[in-house]
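Laboratory data are not the source of any read-out in this text; all were calculated from the coordinates shown. Since the structure is predicted, the reported quantities are computational estimates derived from the model, not experimental observations. Here Cβ is always computed from backbone atoms with ideal geometry, including for glycine, and neighbour counts include all displayed protein chains.
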Amino acid sequence: MKFYAFMMLLLLSISTLPAEVNKDMTDEELFHICYKNAGKRIVDELIDAGYTEICVIENPEDKDDNSDIVIIESITNEMKNQNGSVYLKESYSETDELLLFYRIISKNIYFEEKEHFFGEPILLRDVRITLSYRLVDQKTGEILIASEIDESIENEISKKVYTNLKKGIKRKGISISHFIEPTLIIAIVGGLMYIFYSQKSSQ
């Protein structure tokens, strides 16, 4: 009876082990998701306020994270999806359209390491950005909307995989930890079946 209780407790502990981590993504890819979501939220707020035609100035500065490209693409696609119009300009000039200005105020990553009895340590990444924007009427200089948007996304990744990503090394091979949990479950179930049939045959 004690052995049964031990096996059931062990089986229960295996079933509560964490599920396989999410898709392995770089920090930049997670930031891009936040940028895209922020762009969609900007459009939602503009549309809700009744502004369906805007002009955006493309930032000529090259950035390593391509944030401006991602944000403008997100704003453009979402505006089109909601039957709006977006006009792009390469430089500032007087225009009849409403002009949209935006700025990334902050971008941060917070880490929390989780140790597990089986398998490799897991990193919980919490990616956060704050983006501000203004919609300006060029004719009058009036600021029609001024707002800030906070976006965040969490992602779990193996500490070893994350280290390789930071070094630019893609994941290769299969970790032995992938075999530990299935092997234990098979052993436990097999042990329970063996005991069950052994006791049944002895009756």
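Spin-label pair residue 97-residue 152: with each label point 7 Å from Cα along the Cα-Cβ axis, the two points sit 3.5 nm from one another. Note on residue 114/residue 28: beta-carbon distance plugged into 1/(1 + (r/R0)^6) with R0 of 25 Å gives a FRET efficiency of 0.65. Near residue 109: Cβ cut-off under 9 Å, other residues only, Lys/Arg at +1 and Asp/Glu at -1. The net charge is +1. Residues whose amide H falls under 5 Å from that of residue 89, counting only those 5 or more places apart or on a different chain, are 56, 57, 58, with hydrogens built in the peptide plane.
Give 80/167; 89/166; 40/114; 40/89 a once-over and call out the pairs whose C-alpha atoms are over 29 Å from each other. In this structure, 80/167; 89/166; 40/114 exceed 29 Å between Cα atoms.
For the pair residue 81 and residue 138, label points projected 7 Å from Cα toward Cβ lie 2.8 nm apart.
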